[in-house]
Each structure stands twice: as C-alpha cells, then as structure tokens.
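Presented below is the structure to which this report refers.
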Amino acid sequence: MEPIILASESQRRQDFFKLLGLPFTVLPAEIDETPKRGVSPRQAAEDLALRKTAVIVERIKNAEKTNNNPIPHSPLWIFAADTIVVLDGKIYGKPGNRDDAGRMLRSLAGRRHEVVTAMALYSGRDEKTDCRSVTCEVLFAPLSPAGIEWYLDTDEWQGAAGAYRLQETGGCLIKGIHGSPSAVAGLPLHDFYVMLRDNGYPFGA
C-alpha cells in the first residue's frame, strides 16, 4: 500500500492506522487549533482538518524547492483530522489545565453532547483534498465530585477534546453513544474506509 502522511500527533489515530495496517509517517501540522468564530461546529472541525492538511502540503512543496524534503519521496496522500466536543452549541476543545478539564467534565456530567470528527484527505495525484465529517451523540453518566477528581488523576484529559478519552479509562464515564464509537475516539473507521476507497486509495475490497 502507498504511504500516508498523518498530520497529527494523536496517539489514538496512530493506533487506528496500525490497526488497519496502513503505512504512515507522522508529520504534525502544529497549527493554532482555535476554531473560527461565527461558524457551526461541523464547519469549525472541517476547517481545522483542512488547515492541517494544507500546512503539510505547503511544507513539503517548500522543502522540495530547497532540496530539504524531510520525506524521501513526496507522498501521494496526506491525512488530517480534528475532533471537537459540542454542548449547547459551545465548542469544548482541549483543556488548558486540570481546572479547565474539571469545568468541562462537570458541564458534561449527566448530559448529552455531540462529538464532531472531521477528516481531510489530500491526493497528490490530482492535488485535491476531500473533506468529510461525522457527528455522534454521547450521553455522559452523572459524575460525583469524587468521580471527577478520580478521572482527573488519570491525566487522560490532557490533549483530549472535552477532557476525556472514550477508548481509555474515560469509557467509564460514558453511559451511551448514538453513532460511531471510533468517531468519538478520533477516527470514524467506516467513514474513513469509504473515504479512502472513494479517492482511489488501494485499501480493502
């Protein structure tokens, strides 16, 4: 299979790529992930995924011009994704510190919220980027102050949208999911599979 540049430091997305047996190289985009104002949550997530992909495309093109390409052979594929948590129309990104994470968990406790994961796939063959997004609904269990402190002590909230990780201990906080569990974890596997196939990537059948 052809190698894919993964424009993300997300360990969960790397784990998904390994699970699928996809050859990849990690090249983080390192952009400001503050969502644009005045756009819907879906638009915000898609904008971030597209910006991450565009940054890597530009970085590789510039490196090729200066013969300082960090990738031995320019990749045909670049993939980026972004996951955001939405409650009452407010976007919950990655918490800045423990107190911020605690505020998020207290807000989410016992309530339903949405998780939007956007994906952007760049094909070097036609130099076009396909962008798609998936929205799921998550029901948090009620959380006691002690339960919140217990979860904060795991440090899983660090770098996690909404201050929790479904695929780790954070799964103990979730009462129900309507939609794709893997989308909540950062990569909707079925939709990602379809996206690769639709764009001509030789994977699956």
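Readers should treat all values here as calculations from the given coordinates under stated rules, not as data from a laboratory. For clarity, every value in this text was computed on a predicted model and none was experimentally measured. Cβ: placed from backbone, ideal geometry, glycine included. Neighbour counts: every protein chain shown.
Across every pair of non-identical alpha carbons in the chain, the mean reciprocal distance, once inverted, gives a Kirkwood radius of 17.7 Å.
Note on the stretch 1-46 and the stretch 129-156: Cα centroid distance 19 Å, given to the nearest whole angstrom. Annotation note: GluC sites (Glu not before Pro) in the stretch 141-202 located in DSSP loop regions with a Cβ neighbour count of at most 15 within 10 Å are E168.
Given R₀ = 30 Å, FRET efficiency for E2-R37 by Cβ-Cβ distance, to 0.05? Efficiency for this residue pair is about 0.20.
Compared with the dominant Cα axis of the chain, that is its longest principal axis, helix 98-108 is turned about 70°. Axis of helix 11-20 versus longest Cα principal axis of the chain: the two differ by about 60°, to the nearest ten degrees.
Quick check for you: which residues of the stretch 120-138 have the amide N under 12 Å from the point 7 Å beyond the Cα of I177 toward its beta carbon? Those under the cut-off are 136-138.
Please give me the summed charge of the neighbours of R106: other residues whose Cβ is under 12 Å from its Cβ, Lys and Arg +1, Asp and Glu -1. Net of charged neighbours comes to -1. What FRET efficiency, computed as 1/(1 + (r/R0)^6) with R0 = 22 Å and r the Cβ-Cβ distance, is obtained for N62 and S123, rounded to the nearest 0.05? For N62 and S123, the calculated efficiency is 0.70.
Each label was represented as a point 7 Å from its Cα along the Cα-to-Cβ direction; for E30 and D153 these points are 3.6 nm apart. Output the 0 to 90 degree angle, nearest 10, between the alpha-carbon long axis of helix 189-198 and the longest principal axis computed from the alpha carbons of the chain. Its long axis makes an angle of about 20 degrees.
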